[in-house]
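Structure first, commentary second.
Read-outs: derived from the displayed coordinates by stated rules, not from any lab. Values in this document were obtained by computation on a predicted structure and should not be read as measured data. So basically every Cβ, Gly included, is an ideal-geometry build from the backbone, and we count neighbours across all protein chains shown.
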Amino acid sequence: MTFDNESISSLIASVESLIAQTSKEISELQSFVDQNQNYSSQEYIDSYKKLSKLQESLEKQQTLLKLSKQYEETKWLVTDATTDAEMRALAEEELKELESKIPPLHEDLFSKKSKYQNVVVEIRSGTGGEEASLFARDLFKMYSLYADQKGWKIEISDSDGSVASGFRFVNFFIRGDGAYDALQFESGVHRVQRIPATENAGRIHTSTATVAILPEVEDVDIHINPSDLEFEAYRSSGPGGQNVNKVSTAVRLRHIPSGIVVSCQESRSQLKNRENAIRMLKSKLYLMQQESATKELTDLRRSQIGGAERSEKIRTYNYPQSRITDHRIKQSWFNLVGAMAGDIGDILSDVKKGMENPDSITGEQDPLE
């Protein structure tokens, strides 16, 4: 953001308008909560959560307004010819401090935000055999560690493989405030270039994995007729204690109209697996509806993540150069070890800005390997 007089005046007017709007929403919601104190009802719980978020947002708005007005007054001191040198120097220092405090609040309050919070993540190994499975495992760990840093919850719903041996695929939920906003642009083919542990000649191999990010939708977004579902319970094939292979706890759901099939087997409770399967099915149906009611899910996923061919990559992880390059925004970062340990906040932020503002992409030549 810029700090010229016109921009600051415009910001103050925008924040004042936002405060008025938020205050009105809080007043209306507070009245509803006070009059409907059925604490156990879902409507009351949802309203109370929304009220808390609005109150938190209002505090940020009021802080931004205070800082913006303070900036306007301080800048006037700097430009006023009657201000003595000592006072001007102090005012200039204060301006620098305010210029560091205002942008984060502005970004938080005015950046584009999705109505969705939680996500369903699907990671599948692509070309590259065993090395591709290990790379899928590494991506799962990367997102899991980042989610842990953010205080988000992770729940695996289905997988083929393990953290030790790698994944052919792993499907999991990430639940937390802002998860979808942060991860929505991660869908696509991710490519890795490195020397596998089993490579004796020291040759660099190229492998891929695909990532699909779907919003976890609520009942109000999508309704599934129970008669449209085929339910099958079967015995889980993964680790999980003595229950596994003795009791049919794994669940497979088929949505008859669309042909979509989802499976969940990670929980030792059949009920829990069924709930997760229905959540995943809703997310896939919603995304399919948003794109086109006539498309098959495989067509949607192909448009989103491609066919996992090496040439379709959105991002490259080059281990010899300790470099990560996102080919959509033509930008590189040189902290690969840290990123794979979950330190991807800057990457996600830069990608989000580039994808939402294509004009900001510099147009420098995309690194070729």
query = Under a GNM of the chain (C-alpha, springs under 10 Å), which listed residue has the highest mean-square fluctuation: S263, S52, S111?
reply = S52
inquiry  = Taking log10 I(q)/I(0) by the Debye sum over Cα atoms at q = 0.07, 0.08, 0.09 Å⁻¹ straight from the coordinates, which label in (i) -0.32, -0.41, -0.51; (ii) -0.53, -0.59, -0.66; (iii) -0.43, -0.55, -0.68 is the correct one?
reply    = (iii)
Neighbourhood net charge (14 Å Cβ-Cβ; Lys/Arg +1, Asp/Glu -1) for S100 = -4
task = Take Y116, Y317 and order them by how many other Cβ atoms sit within 10 Å, fewest up front.
result = Y116, Y317
task = Please identify, among Q30, Q21, Q42, the residue showing maximal mean-square fluctuation in a Gaussian network model of the chain using a 10 angstrom Cα cutoff.
result = Q42
query = When the label point is put 7 Å from the Cα of T83 along its Cα-to-beta-carbon vector, which residues of region 1-38 have a backbone N closer than 20 Å?
reply = 2-12
message = Using a Gaussian network model on the chain with a 10 Å cutoff between Cα atoms, which of Q289, Q321, Q35 fluctuates the most?
response = Q35
Whole-Å distance, taken between Cα centres, linking region 169-215 and region 95-136 = 14
task = Answer rounded, prolate or oblate for region 5-110, using the Cα gyration tensor with square roots of eigenvalues a ≥ b ≥ c: rounded when a/c is under 1.5, else prolate when a/b is larger than b/c, else oblate.
result = prolate
request  = Give me the distance in nm between label points sitting 7 Å out from Cα along the Cα-to-Cβ direction at A164 and E72, one decimal.
outcome  = 6.4
task = With only Lys, Arg, Asp and Glu charged, each at its Cβ (+1 for the first two, -1 for the last two), find how big the charge dipole of region 60-154 is about the Cα centre; round to the nearest 20 debye.
result = 760
message = Using helices alone, I'd like the mean residue ellipticity at 222 nm for the chain: each DSSP H run of four-plus residues gives -39500 (n - 2.57), total over residue count, nearest 500.
response = -15500 deg cm²/dmol
